[in-house]
1. Take the residues in the range 96-110 that are of a type in the set (Asp, Glu) and free of Cβ contacts under 8 Å to residues at least 24 places away in the same chain, then tell me which one is surrounded by the most Cβ atoms within 10 Å (Cβ to Cβ).
2. Please go through the range 62-94 and give me each residue that is over 19 Å from ASP127 (Cα atoms), aliphatic (A, V, I, L, M) and within 15 Å of the chain's Cα centre (by Cα), ordered by number.
3. So which residues in the range 126-142 are exposed (fewer than 14 other Cβ atoms within 10 Å of the Cβ) and in a loop (DSSP other than H, G, I, E, B)?
4. How many residues, within the range 39-66, are outside any strand (DSSP E or B) and modelled with pLDDT of 95 or more?
5. Just the residues that are among the hydrophobic types (A, V, I, L, M, F, W, C), in contact (Cβ under 8 Å) with a residue 40 or more places away in the chain, over 17 Å from ILE129 (Cα atoms) and crowded, with 18+ Cβ neighbours inside 10 Å, please, taken from the range 59-72.
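The values are calculated or read from the model by the stated rules, or taken from the named source; none is laboratory data. Everything quoted here is computed from the prediction, not taken from an experiment. Here Cβ is always computed from backbone atoms with ideal geometry, including for glycine, and neighbour counts include all displayed protein chains.
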Amino acid sequence: MFGLRTAAAGSRRAIATLTVVGLTMVGLALASGATAGGATVTSGDFQAFAAGAGLEITGHAQMVRTASGMTIVSVHVEGLAPNTTYGSHVHQQACAVGDADGHFRFDPAGPATPPNEIWPGFTTNDDGIGNGRDMVNGVAGPNAVSVVVHAPGGAKIGCADLR
């Protein structure tokens, strides 16, 4: 009887280990811009722009372009002022190119507002940590390459390149 319990416990541990390894591999593939189940995932880490000098901005952004025709963008940002609302938008250039240039638009001639733009804005908590998410109908094109955090008033203070 003891041998059967030990074998069963060993099998459960082996299955649990294989599950963790498998999930880790899927997570690494998704984080590297891989395609999984028809979705393309890109992500990047936030860095401060010159206007954000003095702020220790850290965090990450992620964009999921789904096979079903949706785009989901999430942001997690730390090092900001507490209890403050920040704008956050997907931009059409890398962070190093003209401070990420302008906002990405599904229709370049369309309005500079949702749903033509992707705005995962957020309000920080007491510790200056903010989380935002936006889900829109439509798959963002290849020129949706960064996410910029705007301070109240509009200054670009942080950016994450999506790779």
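1. Within the range 96-110, the match that is surrounded by the most Cβ atoms within 10 Å (Cβ to Cβ) is ASP101.
2. Scanning the range 62-94 gives MET63, VAL64, MET70, ILE72, VAL73, VAL90, ALA94.
3. ASP126, ASP127, PRO142
4. So the answer is 3.
5. MET63, ILE72, listed by residue number.
Rundown of residues vs (1) in contact with a helix residue (DSSP H, G or I) (Cβ under 8 Å, 6 or more places away or on another chain); (2) basic (Lys, Arg); (3) surrounded by 13 or more Cβ atoms within 10 Å (Cβ to Cβ); (4) part of a loop (DSSP other than H, G, I, E, B), yes/no style:
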residue	(1), (2), (3), (4)
SER74	no, no, yes, no
LEU80	no, no, yes, yes
GLY87	no, no, yes, no
ALA94	yes, no, yes, yes
ALA112	no, no, no, yes
